[in-house]
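Just so it is clear, none of the values below were taken in a lab; they were calculated from the coordinates. The structure displayed is predicted, hence computed values, not measured ones. Cβ sites come from the backbone with ideal geometry, for glycine too, and all protein chains shown count toward neighbours.
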Amino acid sequence: MSDVPERTASLSGGPVLEPGHTYRSVTEKISSIALARKTPKEWWIGFGVSFLLLMMLLYATGYLFIKGVGIWGINMPVAWGFAIVNFVWWVGIGHAGTLISAILLLLRQEWRTSINRFAEAMTLFAVACAGLFPLLHLGRPWVFYWLFPYPDTMRLWPQFRSPLVWDVFAVSTYATVSLLFWFVGLLPDLATLRDRARRRPAKIIYGILAMGWRGSATHWHRYETAYLLLAGLATPLVVSVHTVVSFDFAAGIIPGWHTTIFPPYFVAGAIYSGFAMVLTLSIPLRAFYGLEDFITMRHLENMAKVLIATGLIVAYGYAAELFMSWYSANAAEQFLAKNRAFGPYWPAYWALILCNVLTVQLLWFRRIRTRPWFLWVIAIVINVGMWLERYVIVVVSLTRDFLPSIWRSYHGTVWDWATFLGSMGLFLSLLFLFIRFLPVISIAEMRSLVDETEGRE
Amino acid sequence: MKRAGRPPIYGILAEFEDRERLLEAAQTASGAGYRALDAYTPLPVEGLSDAIGFHHTRLPWVVFTGAALGALGGFGMQLYASAVHYPLNIGGRPLNSWPAFIPITFELTVLGASLFAVFGLLALNGLPTPYHPLFNVDRFEFASREALFLCIKSKDPKFDRAATRRFLEGLRPHEVSEVEW
């Protein structure tokens, strides 16, 4: 490892790009995934399975439009079931993408470079899945535009003091800004694909998307300014989005929801699940396309460390909830805490503690952190745990609120599960298409890493 | 030299081996009095825009304008809706309950700034440009991969087809070519 420059190796040993690469080798390796003449068989299998799941989503939503939300397990008092659980889960997953691309850019963390592109793509697709659930849950989804302030003949405004309306603004702004950020990052790479594509349709499509980018020095100057400004704007945006999502709960007076720890605890949970998802996706991707040079062990280790840090914040959140229910001396809150751990939904609660608090502690060991497939399993366990966390928050609180006479239990029906699994199909289908047609790693940014790894030999 | 229509070519393009030589060439060219210069590289090169005489971009002001419009528009919309157009007096609470308006104001500030940043970037860079004379040069397709170019445009007052070509050849380039319209 003696030829690895100090700066790239300083943080945790390994390099962010294996030495020996040139502009040409980086460009060819990454762009050949998108420009390959033949689509690999494994891609077809992966895409096929995802596409089947996507069809299941279409079937489930089609049936929902005919029958209404009664096909789901929701009832009174559990008016929000899987829909809000899935919504919060998917929005949370999106957060790592923006965190990697914006916050780590501002902090000049070079290790973000190889993973930011597909983490951003992951954000976009996760937000698309997230947006689906509140819309489907509306009951009359075709009038979703009532949530927006638009000049309507009924002269009605949305209720701007409601966290649910804040959510509409937060999530749609988040989706728009993520898309813009992603596109700006893609622009120079689209030009590379345009110039490398040999087949005419590909050349034309990439050409249109690249908008005539020529890498002029004045263009780069403005580009870098714009990219940094967008990163600066996206950074508080990430924090605000999940904070607003947590307000959906915290502004309600239901026991277990009305908690001041929610905003920071939700943001940390979002980053936790998001990084787990980046690992879930990047480990198979790097193995399959042979990208070990670009997504090095250092990336995996750093992400594992982020998981430990955010996992501890999440664990602190659980502890704070328990402490506050005891310290508030509020009978309803105290009952809720007991009911979570020992009530009818106790398996979900303890499974969530096992997944989110205990499993992640394995990552303290370097030998586990540096074994990709082990890391992959842990990442999936965390993803499951974070889904359970939202399930516990939503369902346990609603089934048992202040008035025992309206207590009622809740379970997802087959349609709930079909919609949830189907949304994974939507996510994965989009992701497979992205991997096939666009560069999964930012080529232009990798070139600047080349300069650093070769400059000091 | 001066003719009524546009000059016969767009400019003269020189390709350089590495970034140090390109930077040097750009500095020599602007030192020699050329003003209509541009360089093309596959990645941002530090100091290059300075070397060709491009120091500041108005983009931050464009973004600030977007942010200000988003903030004022967002807050103004909520104030107008809740206090003017459709006032609802609930328990004597103030109509202008501004703390509740902050989240949406914030989101719209970020939205305005980001939209202005991206569309401002494209507009200032003159994108989209479906046709550009530089794409007529065969080697130019490598500008998005590994090649580095310096171009002196024919609109430069000092431009002279033969003399400028000789000047660029004197900078030890890899190759020099004329850019047809």
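Here are some notes:
- Once backbone amide H atoms are built at 1.01 Å from N, B:Glu175 has B:Glu15 as its partners under 5 Å, excluding neighbours fewer than 5 places away on the same chain.
- Cross-link pairs exceeding 27 Å in C-alpha to C-alpha distance, out of A:Lys203/B:Lys158; A:Lys29/A:Lys203; A:Lys29/B:Lys153, comprise A:Lys203/B:Lys158; A:Lys29/B:Lys153.
- Sequence-separation-based contact order of the stretch B:28-161, relative, with Cα cut under 8 Å and 6+ spacing, percent: 43 percent
- Each peptide in A:256-266, B:97-107, A:364-374 was scored by the mean count of other Cβ atoms within 10 Å over its residues; highest first, the order is A:256-266, B:97-107, A:364-374.
- Sparse-neighbour loop sites [GluC sites (Glu not before Pro); the stretch A:263-372; at most 16 other C-beta within 10 Å; DSSP]: A:Glu292
- Relative contact order of the stretch A:1-158, pairs being alpha-carbon contacts under 8 Å that are 6 or more residues apart, as %: 19 percent
- 10 Å Cβ neighbours from other chains, averaged over peptide A:226-238: 5
- Per-residue mean of C-beta atoms belonging to partner chains within 10 Å, peptide A:156-162: 6
- Rounded tilt (10° steps) of A:23-35 against the dominant C-alpha axis of chain A: 50 degrees
- Taking one quarter of the surface of the C-alpha convex hull of the stretch A:193-303 gives a mean projected area of 11.3 nm².
- When chain B is treated as a GNM with alpha-carbon contacts under 10 Å, the residue of B:Ile12, B:Ile90, B:Ile152 showing the greatest mean-square fluctuation is B:Ile90.
- Here, chain B yields an orientationally averaged convex hull projection of 14.9 nm² when only Cα atoms define the hull.
- Here the residues A:Ile205, A:Ile441, ranked from fewest to most Cβ neighbours within 10 Å of their Cβ, fall in the order A:Ile205, A:Ile441.
- Sites B:Leu69 and A:Tyr316, calculated FRET efficiency, Cβ-Cβ separation with R0 45 Å, nearest 0.05: 0.70
- With R₀ fixed at 45 Å, the C-beta to C-beta distance from A:Trp142 to A:Ala202 puts the FRET efficiency at about 0.75.
- Approximating the spin labels as points 7 Å out from Cα along Cα→Cβ, the A:Ile66-to-A:Ser25 distance works out to 5.8 nm.
- Relative protection proxy for A:294-300, A:388-394, from highest mean packing down: A:388-394, A:294-300 (other beta-carbon atoms within 10 angstrom).
- Packing-based ranking, highest mean first, of A:242-255, A:153-166 given that Cβ atoms within 10 Å are counted: A:242-255, A:153-166
- Taking every alpha-carbon pair in the protein assembly as shown and binning the separations at 20 Å intervals from zero gives 17, 47, 28, 8, 1 percent.
- Here chain B is scanned for trypsin sites (Lys or Arg not before Pro) in DSSP loops (not H, G, I, E, B) that have at most 14 other Cβ atoms within 10 Å, and the longest stretch holding none of them is B:59-154.
- The alpha carbon centroids of the stretch B:98-147 and the stretch A:407-452 are separated by 25 Å.
- Distance in nm between pseudo-label sites at B:His132 and A:Gln361 (7 Å out along the Cβ direction from Cα): 5.7 nm
- Separation between Cα centres of the stretch A:69-107 and the stretch A:315-380, rounded to whole Å: 18 Å
- Peptide B:98-104 is shielded by partner chain Cβ atoms: per residue, an average of 5 of them sit within 10 Å of its Cβ.
- Anchor B:Lys155: lysines whose Cα lies under 26 Å away (excluding residues fewer than 8 positions away in-chain): B:Lys2
- Taking chain A and dividing mean pair separation by its residue count, relative contact order in percent (alpha carbons under 8 Å, at least six apart): 34 percent
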